[in-house]
Amino acid sequence: MSEASAAAAGPALGLHALLDNPLFAGGIGLGALGAAAAFARKGVIRAADVARHRMLVNVEISKQDPAYPWILAWLSQPRPTPGFIASRITRIHNLSVATTTTSSGPFGSGGQSGAHFFLQPGYGRHIIKHGSAFIAVNREKHNTANMNTGEPHEIVQLTTLWAHRQVFEDVFREAHLLAAQANEGKTTIYSARGMDWMPLGDPKTKRPLGSVILDEGVKEDLWRDVKDFLSSQEWYVGRGIPYRRGYLLFGPPGSGKSSFIHALAGELDFNVAMINLSEMGMTDDKLAYLLTKLPKRSLLVLEDADAAFVNRRQRDADGYSGASVTYSGLLNALDGIAAGEERIAFLTTNHIDRLDPALIRPGRVDMMMRIGEATKHQAAQMWDRFYGDVDHDHSGRERFLARLDELGLFGVDKDGQPSNRHTSTAAIQGLFLFNKENMLGAIEMAEGLVPRKFEPSESVPEGAIKTPS
Ligand SMILES: Nc1ncnc2c1ncn2[C@@H]1O[C@H](COP(=O)(O)OP(=O)(O)O)[C@@H](O)[C@H]1O
Ligand SMILES: [Mg+2]
């Protein structure tokens, strides 16, 4: 200790003496250090606290995420008017419009189409207030693109204060609820876009199963089988069998195969994930990959399964060689790698003769059903659905059925000989739609149901005849 400090400590000589005592001085020194450290620690904690409270938290949602559309929908919700200042800064000035057109689509109920406009926050920054928390919203389109779909990457970023971070939980919960409400009673149809599943337009209103009219017992058999499968997961898992079931619906076009699957999905509260195997650019790899990331709770529908069995088509003039899913590619995709997960697959084809028996194996195709030309039973039921409320005594229906009989449309001629003539349920529906308010008109025009014989003339070039889907 220096002279100067000893002098400064002059008035407290006693203390000086004490401090000179090495034992005592050591004790004080340690104590002081401890106190200082404790104080410093507290300080650091407080500083961190303050900093943290001022810190911001971010959530980023990319367009690929299922929550993306929910969040956009939630953001465009009208919300209670905030105070004067808040209302100045929280107004969303930039809106963008998302338009989806709805057509009759696979449900084919009316053939009408409409547009649905949906205002959502545009690109750029916005501030909104939720409860007592302000949330900065930044919607950005990046200049990189999704390699699969070719669409630019897009994100929405929500930022709030750390102290308000629990508001995000609210936001996601509300957004999810909102989406669930909007989709209630609807079926979402996913289709493959590039390497991703994308919803095909807006969720569609469920088609009642009762509106699809199949021959006696067909619907019931399929329904029973699917229900049975859905209730026997334990049985499968317990036996180490992949929990999968496959159905093959075959028959002529316009018999209600696709309609049935969509209605069934609605009834089971499933979505539909649809791949057209004859589609341009569908390859084995793509198919296998898409099947590994099937959207949750959806029926997998592989339309035109025969495409995989047809040898590569002849190249078109422009070099396009058609779909290139192969037979083994389809089988591999159906067998899959991720065993144990629930999967219901529906395969459809208009050409059963082109399929290979190897397809019929548990897990690939467990049940085959022919959905055929319209039978008398179906024609009668369709009549009742359309004209039941005006045709009280069923006399119209009997005349209609007699007329179809007369035309030999149920496969039998007037003289009891096979007519080989049939009509489709789609054609009957078309006739009824044309004569919506006029059952007599439907009877008069029934002759239009007779299929026109198509005799390809020699001059039709190869490839000009397209198989209807
Ligand atoms: N059995 C049926 N019951 C009700 N509507 C049908 C039936 N068959 C066809 N349709 C109608 O005809 C159209 C085409 O049917 P779709 O299901 O696409 O036939 P497919 O898939 O067998 O070619 C749809 O608008 C559908 O509503
Ligand atoms: Mg179809």
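Distance from the alpha carbon centroid of region 373-444 to that of region 272-298 works out to 38 angstrom. In order along region 196-201, the Karplus-derived 3J(HN,Hα) couplings, from 6.51 cos²θ - 1.76 cosθ + 1.60 at θ = phi - 60°, round to 10, 8, 10, x, 8, x Hz, and Gly and Pro are given as x. State, as an integer percentage, the relative contact order of region 216-302 based on alpha-carbon contacts under 8 Å between residues 6 or more apart. 25 percent. Full extension of the chain segment joining Y68 with V237 gains 57.4 nm, where the gain is 0.36 nm per residue of separation less the Cα-Cα distance. Count Lys and Arg as plus one, Asp and Glu as minus one, and take only other residues whose Cβ is under 14 Å from that of L177; the net charge is then -3.
For a straight C-alpha distance cut-off of 24 angstrom, the lysines reachable from K453 (same-chain residues fewer than eight places away being disregarded) are K257, K376, K414, K466. Extending 7 Å from the Cα toward the beta-carbon at both D366 and E184 defines two label points whose distance is 3.2 nm.
Each other residue within a Cβ distance under 10 Å of G210 adds +1 if Lys or Arg and -1 if Asp or Glu, for a net charge of +2. Calculated FRET efficiency, Q417 to K376, Cβ-Cβ distance, R0 = 30 Å: about 0.95 to the nearest 0.05.
Considering only the other residues whose Cβ falls under 9 Å of the Cβ of I352, what net charge follows from Lys and Arg at +1 and Asp and Glu at -1?
Residues close to I352 contribute a combined charge of 0.
Close amide H partners of T188, meaning residues 5 or more places away or on another chain with modelled amide H under 5 Å apart, are K204, V272.
Between K296 and S211, the FRET efficiency from the beta-carbon distance, with R0 = 35 Å, is close to 0.85. Within region 383-412, find all residues whose amide N lies under 18 Å from a label point positioned 7 Å from the Cα of I352 along Cα-to-beta-carbon. Within reach of a label on I352, which here means backbone N under 18 Å from a point 7 Å along Cα→Cβ, region 383-412 contributes 411. Karplus-based coupling profile of region 236-243, in residue order and whole Hz: 5, 4, x, 9, x, 9, x, 7, with θ = phi - 60° in 6.51 cos²θ - 1.76 cosθ + 1.60 and x standing for Gly or Pro.
Highest-first packing order for the peptide set 257-268, 424-435 is 257-268, 424-435, based on the mean count of other beta carbon atoms within 10 Å.
Expressed as cubic angstrom per residue, what is the convex hull volume of the alpha carbon set of region 376-449? Walk me through the intermediate numbers first.
Values: hull volume 5.6 nm³, N = 74.
Cα-based convex hull of region 376-449, divided per residue, equals 75 Å³.
Here each label is just a point 7 Å from Cα along the line to Cβ, and for V59 and R41 those points are 3.6 nm apart.
Every number here is computed from the coordinates shown, using simple stated rules; none is lab data. Treat the numbers as computed from the prediction; the structure is a model and nothing was measured. Cβ: placed from backbone, ideal geometry, glycine included. Neighbour counts: every protein chain shown.
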